[in-house]
Amino acid sequence: MNKTVPGQVRGSTENGETSRPRVKIPPPLIIGIPFLAGMALQWLLPLRFHFRWISLAFGVLCGISAIVLLCTAHSAFRRARTSMLPTQRSRVLLEDGPFRFTRNPLYVGLILFYAGISFGMRAVWPLLFLPIVVIALHHLAILPEEHYLEHRFGDEYRAYKARVHRWI
């Protein structure tokens, strides 16, 4: 009987290659639930930044950066004809576009979008939950994905990992 460990990949193909990452909670939920909880708290117990225009400008900057990053990452997945979904098998190891600068451009983009909305609305509560979101993403999505990619692509992924930072 095979033992499974947290982050271990599940399933295999005929040649023993791992089939997909063991991501149990969809990353949009990992990000969305704390954001919605923070916005609910913001509504119940308002806590705002005092610098309205600075907060709005920073929110817009984060939002635009997020959209550019998310769109370029999505485009890279489409060009490579591989799935963006962390629960699906990867056909290729992406190393171009935003993947030259971060191994997780979708997660960085989603976090920037989360921060952008929070700053734009001057909502402090969701920002207080952001460290929890980053930690949860790290343990529930990124580590299982990295484990999978290392098994799937071997030395090619290890070399990529050595060249490119996880976040930025």
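The values are calculated or read from the model by the stated rules, or taken from the named source; none is laboratory data. Quick caveat, the model's predicted, so the values are computed rather than measured. For neighbour counting, all protein chains shown are included, and Cβ atoms are generated from backbone atoms with ideal geometry for every residue, glycine included.
Is it fair to say ARG163 is without any contact (Cβ under 8 Å) to a residue 12 or more places away in the chain, among the basic types (Lys, Arg) and either touching a Phe, Trp or Tyr at 6+ places or on another chain (Cβ under 7 Å) or over 23 Å from LEU56 (Cβ atoms) (or both)? Please lay out each step first, then the result.
Values: without any contact (Cβ under 8 Å) to a residue 12 or more places away in the chain: yes; among the basic types (Lys, Arg): yes; either touching a Phe, Trp or Tyr at 6+ places or on another chain (Cβ under 7 Å) or over 23 Å from LEU56 (Cβ atoms) (or both): yes.
Spelling it out, ARG163 is indeed without any contact (Cβ under 8 Å) to a residue 12 or more places away in the chain, among the basic types (Lys, Arg) and either touching a Phe, Trp or Tyr at 6+ places or on another chain (Cβ under 7 Å) or over 23 Å from LEU56 (Cβ atoms) (or both).
Scan region 98-129 residue by residue and report those that are hydroxyl-bearing (Ser, Thr, Tyr) and within 24 Å of VAL23 (Cβ to Cβ). Break it down into steps so the answer makes sense when it comes.
Within region 98-129, the subset hydroxyl-bearing (Ser, Thr, Tyr) is 102, 107, 114, 118.
Correct list: THR102, TYR107, TYR114.
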Per the filter on region 68-99, residues crowded, with 16+ Cβ neighbours inside 10 Å, without any contact (Cβ under 8 Å) to a residue 40 or more places away in the chain and part of a loop (DSSP other than H, G, I, E, B) are THR82, LEU94
Of the residues that sit in region 111-168 and are among the small types (Gly, Ala, Ser) and under 11 Å from the mean Cα position of the chain (by Cα), which one is farthest from LEU36 (Cα to Cα)?
ALA141
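Across region 41-63, what is the total count of residues that are in a helix (DSSP H, G or I) and either touching a residue at least 40 places away in the same chain (Cβ under 8 Å) or touching a Lys or Arg at 6+ places or on another chain (Cβ under 6 Å) (or both)?
Going through region 41-63 one residue at a time, the tally reaches 11.
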Based on this model, can you work out whether ILE117 counts as surrounded by fewer than 20 Cβ atoms within 10 Å (Cβ to Cβ) and of a type in the set (Val, Ile, Thr)?
yes
ARG103 being under 21 Å from LYS161 (Cβ atoms) and either without any contact (Cβ under 8 Å) to a residue 40 or more places away in the chain or within 12 Å of the chain's Cα centre (by Cα) (or both)
yes
Report, ordered by the first and then the second residue, all pairs with beta carbons closer than 6 Å, sequence separation of six or more or different chains, a first member in region 106-118 that is assigned to a helix (DSSP H, G or I), and a second member that is at pLDDT 95 or above and of a type in the set (Gly, Ala, Ser).
LEU106/ALA73; GLY109/ALA66; LEU112/SER65; LEU112/ALA66; PHE113/ALA66; GLY116/GLY59; GLY116/GLY63; GLY116/ALA66
Within region 120-142, tally of residues that are within 16 Å of ILE30 (Cβ to Cβ) and either surrounded by fewer than 17 Cβ atoms within 10 Å (Cβ to Cβ) or among the β-branched types (Val, Ile, Thr) (or both)
8
